[in-house]
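Notes follow the structure.
The values are calculated or read from the model by the stated rules, or taken from the named source; none is laboratory data. Note that the coordinates shown come from a computational prediction; the quantities given were computed from them, not determined experimentally. Note: ideal-geometry Cβ built from the backbone for every residue, glycine included; neighbour counts use all protein chains shown. Note: accessible area is taken over every heavy atom of the protein model, side chains too, but ligands, DNA and RNA are not part of it. Shrake-Rupley method; radii C 1.70, N 1.55, O 1.52, S 1.80 Å.
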Amino acid sequence: LFRSVNPTDGDAWTYDFEDSDLSSLILIDGGTVTHCVLLNNLAYNNADTTQAKGGGAYVQNNGQLLNCVVSYNRADNGFGVAGTTGDVVNNTITQNYGTHCGTLVDYDGHLYETVVIGTQCWMRDNLRTTHYADGVAIPTNSYYNPGASEVETQTFGLLYKWDVAARGNTASGSDSNPSGVQGVCPENWHLPSNAEFTQMTDFLAHDNENCCNGNTTYVAKALASNENWQTSTADCAVGNDLSANNKSLFNAQPAGCYNGGYADLYTRSYFWTSSKSGNYANFRRLMYSERIFYSSDYTYLYRGYSVRCVKD
């Protein structure tokens, strides 16, 4: 969205440029945009081969962007402003940032996309490796596949027992930030603690674009994917209007869990944390009919949940 504020009378108006071929929020094609505020916009392209350019604006054909404020926008390339030919003059362009931090590959050769949320770099997909980073095979009775096809496995990932997720740190776990628990994650990545998930949600809560109806606890929709969730009529619930989901690009899929059998596919996401108390571990949950990113007290270690790794 392009939010332009008239410097004379203070009135604001909004335009939607989401169909731009360049994936920019404003395409300035030979014209002039002046005295505007471009704030909290996202330029993102689902096509992996084409980078989105210019979170706030893209300038071409001698267009002009003059005397504007461009802040807190996101894009793959040219986080605030990008372009070919034109003038970008006397603007305040600050605190714009990228949407990803590269890709990573696990021991099995699976490629994962990433997403930047605040100062953290997260996997954008659920882990699906069958080996630890050092090549040791994970016991086949310690992970579960909710997918019925290769495509579904890529979408939902695998579900791991906690002792696999936190490998080598199963005695006490960790609630430090960062956790220091590599666990099942690839090299230079680690299993996040509950405190690291809280850091992520706190960052999202500071941007109204991620908060449904302006409620800072209602960030579930910003984390959930645009697809596969069961629908809900509850206001601000994950399953209500899927097109409004995933503003953070975290892309949480409803992979469900394993608890002696598969459960909750299409209705819930469960993510292990490295945080532990006695014989129980903490997890995070999204649910199709809920508004919040739920943090459990603790649950049984033998359950199979998804894993999202965060960069060291």
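A few comments on the model shown:
- Under-5 Å amide H pairs with Ser274, H placed in peptide plane, nonlocal only: Ser193, Asn194
- DSSP-defined beta bridges in the chain - what % are antiparallel, rounded to 5: 55 percent
- By the helix-only formula, in which each DSSP H run with n ≥ 4 contributes -39500 (n - 2.57) and the sum is divided by residues, the chain has a 222 nm mean residue ellipticity of -2000 deg cm²/dmol.
- Extending 7 Å from the Cα toward the beta-carbon at both Ser289 and Leu66 defines two label points whose distance is 5.7 nm.
- A full extension of the chain between Thr34 and Leu111 corresponds to an added length of 23.5 nm, given 0.36 nm per residue minus the alpha carbon distance.
- Here, region 125-180 has an Rg and a Dmax of 12.8, 37 Å when only alpha carbons are counted.
- Residue-by-residue Karplus 3J(HN,Hα) for region 210-227, coefficients 6.51, -1.76, 1.60, Hz, glycine and proline x: 9, 10, 5, 6, x, 8, 5, 8, 8, 10, 4, 5, 5, 9, 7, 5, 7, 9
- Qualifying lysines (Cα of each under 20 Å from Cα of Lys53; at least 8 residues distant if same chain): Lys247
- Extension gain, Glu187 back to Thr216 (0.36 nm per residue minus Cα-Cα distance, nm): 7.1 nm
- Relative pair counts by distance (%), Cα atoms of region 234-312, 10 Å bins: 17, 48, 29, 6, 0
- Residue-wise HN-Hα coupling along region 117-131, computed from phi with Karplus coefficients 6.51, -1.76, 1.60 (Hz; x: Gly, Pro): 10, x, 9, 9, 10, 10, 5, 9, 10, 6, 4, 9, 6, 10, 9
- Label separation (Thr119 vs Ser172): 2.5 nm, computed from points 7 Å beyond Cα along the C-beta direction.
- Relative intensity, log₁₀ I(q)/I(0), of region 72-115 from a Debye sum that treats every alpha carbon as a point, q = 0.30 Å⁻¹: -1.06
- 1.4 Å probe accessible area per residue over the chain, in Å²: 44 Å²
- Prolate/oblate/rounded label for region 146-209 (Cα gyration tensor, a/c 1.5): oblate
- Whole-number Å³ per residue for the convex hull built on Cα positions in region 32-118: 90 Å³
- Cα-Cα separations in region 156-250 greater than 21 Å, expressed as whole percent: 47 percent
- Dipole of the chain, positive direction: furthest Cα of Thr85, Tyr72, Val116, with charges on the beta-carbon: Val116
- Based on the Stokes-Einstein relation at 20 °C and a viscosity of 1.002 mPa s, and on the Kirkwood radius from alpha carbon pairs, the chain is assigned a translational diffusion coefficient of 105 µm²/s.
- Within the accessible area of the chain, the carbon and sulfur atoms contribute 45%, probe 1.4 Å, all protein chains present.
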